[in-house]
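Student: There's a structure below that I have some questions on.
Readers should treat all values here as calculations from the given coordinates under stated rules, not as data from a laboratory. Quick caveat: nothing in here was measured; it's all calculated off a predicted structure. Every residue, glycine as well, gets a Cβ built from its backbone with ideal geometry; the counts of neighbours run over all protein chains shown.
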Amino acid sequence: MAETIKDLISGNEEWVQNTLKTDPHFFDELSKGQSPQFLWIGCSDSRVPATQITNAAPGSIFVQRNIANMVVHTDSNLLSVVHYAVKVLKVKHIIVCGHYGCGGVKAAMGNGDYGFLNNWLMHIKDVYRLHEEELNGIADESQRFDRFVELNVMEQVHDLAKISFIQEEWAEGEFPYLHGWVYSLKDGLIRDQKVSINSNEGLRGVYQFEK
Ligand code: CO
């Protein structure tokens, strides 16, 4: 594991050498431009790197990561990434990928005071409140934690569907499809939460924008 800044720089040099060994034109091709088919909204957690866990090459996935893979409608960083992804790159799929054992979700479940971070965790706490009945009904804490991670992912997928310029894309065509995934740190596998949304029909009326 990389421990120092030097490790990262030498790691980079090693990666360039290995990459050129397998494909001498790798950088010539990639430097021409990107046309990824996917936007990934994931957790900042160092153990869940989008391209590595999906075995996808550089150029495949446009990425936005934050604590607990949240879609917050006042987050201009996230909105800019999503806007560019759907309007310019025309990605076909947007994946919200959470992960079991997520520190942000765990913190939001409890009553600990995390200072400035409390404001971000508030959005996750709101998800708890929406699903309080189900979650409080799960006696086992680790099972409740796992379920909260899944529910949080599903809420973020729906929060994506609420974005007006995503609905705008759906009015014009098929894409993007929205997906919810949960990654397990314990076995490295992704659990598809089996949603594939490409219309605003499943949303409460108040969230549906006129076409
Ligand atoms: Co996390």
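Student: Among (1) within 16 Å of the ligand (Cβ to nearest atom); (2) over 26 Å from Gln64 (Cβ atoms), there is one condition Tyr128 misses while meeting the rest; what is its number?
Tutor: Status for Tyr128: all satisfied but (2).
Student: Follow-up question, since we're still on this one. Is it the case that some residue within the stretch 43-54 is closer than 21 Å to Lys162 by Cβ and not aromatic (Phe, Trp, Tyr)? Spell out the reasoning first.
Tutor: In the first step, residues of the stretch 43-54 are kept if they are closer than 21 Å to Lys162 by Cβ; the result is 43.
Adding the requirement that they be not aromatic (Phe, Trp, Tyr) leaves 43.
Checked the stretch 43-54: at least one residue is closer than 21 Å to Lys162 by Cβ and not aromatic (Phe, Trp, Tyr).
Student: Which of the helices (runs of 4 or more DSSP H) contained wholly in the stretch 110-211 include at least 1 residues that are within 15 Å of Ile94 (Cα to Cα)? Show your work before the answer.
Tutor: Working: elements: 118-130, 132-136, 141-161, 164-172.
Of the helices (runs of 4 or more DSSP H) lying wholly inside the stretch 110-211, those with at least 1 residues that are within 15 Å of Ile94 (Cα to Cα) span 141-161, 164-172.
Student: In addition: Does Ile95 satisfy being closer than 16 Å to Ser46 by Cβ and crowded, with 17+ Cβ neighbours inside 10 Å?
Tutor: no
Student: Would you check if there is a residue in the stretch 32-41 being within 16 Å of the ligand (Cβ to nearest atom), surrounded by 12 or more Cβ atoms within 10 Å (Cβ to Cβ) and closer than 28 Å to Asp146 by Cα? Explain how you work it out, then say what you get.
Tutor: Initially, the stretch 32-41 is screened for residues within 16 Å of the ligand (Cβ to nearest atom), giving 40-41.
With surrounded by 12 or more Cβ atoms within 10 Å (Cβ to Cβ) added as a condition, the list becomes 40-41.
Add one more test, that the residue is closer than 28 Å to Asp146 by Cα, and what stays is 40-41.
Checked the stretch 32-41: at least one residue is within 16 Å of the ligand (Cβ to nearest atom), surrounded by 12 or more Cβ atoms within 10 Å (Cβ to Cβ) and closer than 28 Å to Asp146 by Cα.
Student: Would you pick out the residues in the stretch 85-118 that are without any contact (Cβ under 8 Å) to a residue 12 or more places away in the chain and either under 14 Å from Val182 (Cα atoms) or more than 16 Å from the ligand (Cβ to nearest atom) (or both)?
Tutor: In the first step, residues of the stretch 85-118 are kept if they are without any contact (Cβ under 8 Å) to a residue 12 or more places away in the chain; the result is 88, 110-116, 118.
Listed by number, the residues that qualify are Val88, Asn111, Asp113, Gly115, Phe116, Asn118.
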